[in-house]
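The values are calculated or read from the model by the stated rules, or taken from the named source; none is laboratory data. No experiment lies behind these values; they were computed from the predicted model shown. For neighbour counting, all protein chains shown are included, and Cβ atoms are generated from backbone atoms with ideal geometry for every residue, glycine included.
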Amino acid sequence: MDQARQATYRPAHKPAHHPAKPTFSELFTPKLVTVLREGYTPAHFKADAIAGLTVAIVALPLSMAIAIASGVTPERGLYTSIVGGFIISAFGGSRFQIGGPAGAFIVLVAATVARVGVDGLLLATMMAGFFLLAIGTLRLGTYIKFIPYPVTVGFTAGIAVIIFSGQIVELFGLTLPGKEPGPFVPKLVALGEAAGTINPAATFVAGLTIATIVLLKRWRPKWPAMLIAIGLASLVVALLALPAQTIGTRYGGIPRSLQWPALPPLSLDRMIEVLPDAIAFALLGAIESLLSAVVADGMTGRRHRSNCELVAQGFANIASALFGGICATGTIARTATNVRAGAHGPVSGMVHSAILLVLMLLAAPLASYIPLAALAGVLAVVCWNMFEKQAFATLLRASRGDALVLMATFLIVVFRDLTEGIVVGFALGAILFIDRMAKSVAVEADLAQDDVADAVDGGYDSSQASDADTVVYRISGAFFFGAASTVGSVLDRIADQRRNFILDCSAVPLFDSTAANVIESAARKANRAGVRFVISGASPRIRRMLINHGVKRPLVTYAASVRDARAQLAQKQAADQPAVTG
């Protein structure tokens with residue numbers, strides 16, 4: 001080999017330098033510990049304190065509104081933010097995650113309360129916490145993040161529609177003859193029949209709340225719009241003695257203390273009864289929290305520890321249930337507010353929970369004056385923001401496949417069930433992915449001289465390309481079960497080709513057992529037809545899989561590159577030539 005050839009030649013396959021697997025401490029060390037190790041100064045605490053106060057002001061009305069919409073008393077939303085939020089920040093894998101009750105859970109929690117009562121809800125929440133612990137400990141958080149984007153957009157949009165439909169009664173002060181139906185269509189029918197019972201006072205209060213939030217967000221974006229709107233609505237109702245229901249008239253106010261931790265009633269039958277709810281809570285909590293952490297990463301350039309985050313979510317839900325709270329998870333809106341407010345680390349989330357506790361202890365009597373229509377107005381704004389209109393429209397225009405996944409998820413969530421919506425959306429997304437991957441595989445036959453030179457790092461002897469008895473096939477793209485029929489139909493024709501067949505696998509990044517079976521079948525067919533079969537460029541992993549499936553001598557030989565394969569065939573032909581001519 002001359003000096004020029006030596007300078008350009010590289011082995012077809014160099015040992016891959018994979019990053020070392022993260023240790024247990026790297027996976028599960030809370031971000032709070034990381035931040036403290038970096039050095040935590042008074043300036044950092046000041047930034048976290050200001051951010052925590054800002055988030056607490058947002059979380060105060062929102063926590064009560066979500067609890068009421070979920071069919072439980074308002075203080076349970078505060079318990080969730082105080083206890084669950086503190087644990088999520090203290091032990092979580094995200095620097096900026098703010099935990100508490102989330103709008104995404106409203107439909108599930110309300111359905112659980114209606115079916116098994118508050119005690120059943122607490123048990124399901126505790127069981128969901130243990131499931132989250134298991135998911136995080138088994139390091140399954142990475143796989144939860146594989147949910148397709150159209151599924152998350154359709155799912156979130158569907159939840160927004162359902163939550164808003166559940167607030168119409170409070171927004172307009174409607175009086176229903178019986179219990180409000182849960183399913184979407186019967187609910188709309190019942191609301192239409194009660195249209196004549198609109199309460200002008202409640203409608204005015206809700207409109208005032210929404211208008212105040214919208215105007216403040218536009219003209220004074222740094223002001224706590226939701227808290228100001230709630231305060232203004234409460235003041236108007238009290239001064240004008242408007243006939244609008246408040247927290248005091250509906251629930252008698254909220255307590256001025258946390259309840260003592262207590263286990264919900266436990267029994268095997270009860271646990272089996274709430275098991276589907278617990279699984280749904282765990283899956284939705286994992287999805288919501290990791291999605292929120294990803295949003296925070298995108299805003300800050302940081303990286304969260306997904307499995308550590310799930311472990312913290314598990315502890316948070318167990319503790320929330322013990323203290324009488326509902327499901328806790330990472331919340332996108334409050335986490336984004338935390339980042340924008342200049343938080344430095346998890347201490348801001350802990351401060352947010354502490355401030356909520358102080359507010360509950362000192363200002364609980366004032367909560368009695370908050371109109372329910374005002375809280376419904378807050379949730380109406382939340383629903384408007386949850387429905388990602390631009391992303392929804394973009395996906396509808398992107399491709400038919402993405403539009404199908406989006407609309408299927410959205411419609412099933414609205415008209416059927418949340419869990420079914422996720423499952424169907426994920427299944428459709430997986431099928432769409434398989435179809436796209438299968439179409440991306442290509443098989444090139446009878447490679448031209450330039451193509452072979454590209455496949456062989458450092459070039460090759462051009463005289464070898466004139467071998468009329470040798471054909472080269474190159475597979476590029478993922479070779480898996482979805483592409484097996486496409487590649488197999490091409491390889492099946494090799495018996496009708498020349499004496500020597502080279503299969504170049506150097507451009508195959510993904511290879512499964514179905515692909516190995518296809519090659520094994522082609523190799524046997526070639527062997528029966530007297531065709532020499534050489535596989536070149538196969539990575540060690542692909543080679544091991546092929547050998548395990550029986551693709552070994554005498555069926556095939558292996559070569560590092562197309563050039564090596566041609567050299568082997570040339571040597572074989574030279575060795576066989578005397579026997580043929582003699």
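Specify which of the listed residues (E420, E388) is of a type outside the set (A, V, I, L, M), free of Cβ contacts under 8 Å to residues at least 60 places away in the same chain and within 27 Å of V189 (Cα to Cα). Quick ask: steps written out before the conclusion?
On the way: E388 fails: free of Cβ contacts under 8 Å to residues at least 60 places away in the same chain.
Going through E420, E388 in turn, just one is of a type outside the set (A, V, I, L, M), free of Cβ contacts under 8 Å to residues at least 60 places away in the same chain and within 27 Å of V189 (Cα to Cα): E420.
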TODO: Would you please list the contacts, defined by Cβ atoms under 8 Å and residues six or more apart or on different chains, that run from a residue in segment 521-535 that is touching a residue at least 40 places away in the same chain (Cβ under 8 Å) and more than 22 Å from S485 (Cβ to Cβ) to a residue that is of a type in the set (A, V, I, L, M) and surrounded by 15 or more Cβ atoms within 10 Å (Cβ to Cβ)?
DONE: R532/A526; R532/L569
Open item on the list: If I filter segment 533-546 down to residues being farther than 18 Å from V490 by Cβ and not hydrophobic (A, V, I, L, M, F, W, C), which single residue comes out as nearest to the chain's Cα centre (by Cα)?
Closed with: R541
Task: Single condition V382 does not satisfy, out of (1) closer than 20 Å to V205 by Cα; (2) at pLDDT 90 or above - done: (2)
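Every residue, every condition in (1) over 11 Å from P371 (Cα atoms); (2) touching a strand residue (DSSP E or B) at 6+ places or on another chain (Cβ under 8 Å), yes or no:
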{"residue": "I210", "(1), (2)": "yes, no"}
{"residue": "L216", "(1), (2)": "yes, no"}
{"residue": "L232", "(1), (2)": "no, no"}
{"residue": "V236", "(1), (2)": "no, no"}
{"residue": "L239", "(1), (2)": "yes, no"}
{"residue": "Q245", "(1), (2)": "no, yes"}
{"residue": "R250", "(1), (2)": "no, no"}
- [ ] Read through the list (1) closer than 28 Å to A341 by Cα; (2) at pLDDT 85 or above, then give the number of the only condition that K222 fails.
- [x] (2)
TODO: Could you grab me the full set of residues in segment 217-263 that are within 32 Å of the chain's Cα centre (by Cα), farther than 22 Å from E75 by Cα and in contact (Cβ under 8 Å) with a residue 12 or more places away in the chain?
DONE: none
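Of T54, T142, T137, which residue is assigned by TED's automatic domain parsing to the domain that holds A321, under 22 Å from the mean Cα position of the chain (by Cα) and modelled with pLDDT under 90? So that I can check it myself, show each step before the final result.
Numbers: T54 fails: under 22 Å from the mean Cα position of the chain (by Cα); T137 fails: modelled with pLDDT under 90.
Just a single option satisfies the conditions, and that option is T142.
What helices (runs of 4 or more DSSP H), lying completely within segment 270-388, carry at least 2 residues that are among the β-branched types (V, I, T), in the same structural domain as T80 (by TED's automatic domain parsing) and over 19 Å from the mean Cα position of the chain (by Cα)? Before you say what the answer is, go through the steps one by one.
Numbers: elements: 306-322, 332-340, 347-367, 372-386.
Qualifying helices (runs of 4 or more DSSP H): 332-340, 347-367, 372-386.
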TODO: Output yes when any residue across segment 197-205 is exposed (fewer than 15 other Cβ atoms within 10 Å of the Cβ), at pLDDT 90 or above, in contact with a helix residue (DSSP H, G or I) (Cβ under 8 Å, 6 or more places away or on another chain) and part of a helix (DSSP H, G or I), and no when none is.
DONE: no
- [ ] Go through (1) in a helix (DSSP H, G or I); (2) surrounded by 14 or more Cβ atoms within 10 Å (Cβ to Cβ); (3) at pLDDT 90 or above and name the single condition I162 misses.
- [x] (3)
- [ ] Go through (1) at pLDDT 90 or above; (2) surrounded by 14 or more Cβ atoms within 10 Å (Cβ to Cβ) one by one and return the number of the condition R544 breaks.
- [x] (2)
TODO: Starting from segment 146-172, keep only residues that are within 18 Å of A206 (Cα to Cα) and polar (S, T, N, Q), then list their pairs with residues that are modelled with pLDDT of 90 or more and surrounded by 19 or more Cβ atoms within 10 Å (Cβ to Cβ) whose Cβ atoms are within a distance under 8 Å, requiring at least 6 positions of separation or different chains.
DONE: Q167/A376; Q167/A380
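If we keep just the residues of segment 184-196 that are closer than 21 Å to A110 by Cα and in contact (Cβ under 8 Å) with a residue 12 or more places away in the chain, which is surrounded by the fewest Cβ atoms within 10 Å (Cβ to Cβ)? Spell out the reasoning first.
As a first pass, look at segment 184-196 and keep what is closer than 21 Å to A110 by Cα: 184-191.
If we keep only those that are in contact (Cβ under 8 Å) with a residue 12 or more places away in the chain too, we end up with 184-185, 187-188, 190-191.
Working: F184: 18, V185: 10, K187: 18, L188: 13, A190: 17, L191: 17.
The selected residue is V185.
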Open item on the list: Quick check on segment 249-285: of everything there that is at pLDDT 90 or above and of a type in the set (G, A, S), which residue is farthest from P200 (Cα to Cα)?
Closed with: S267
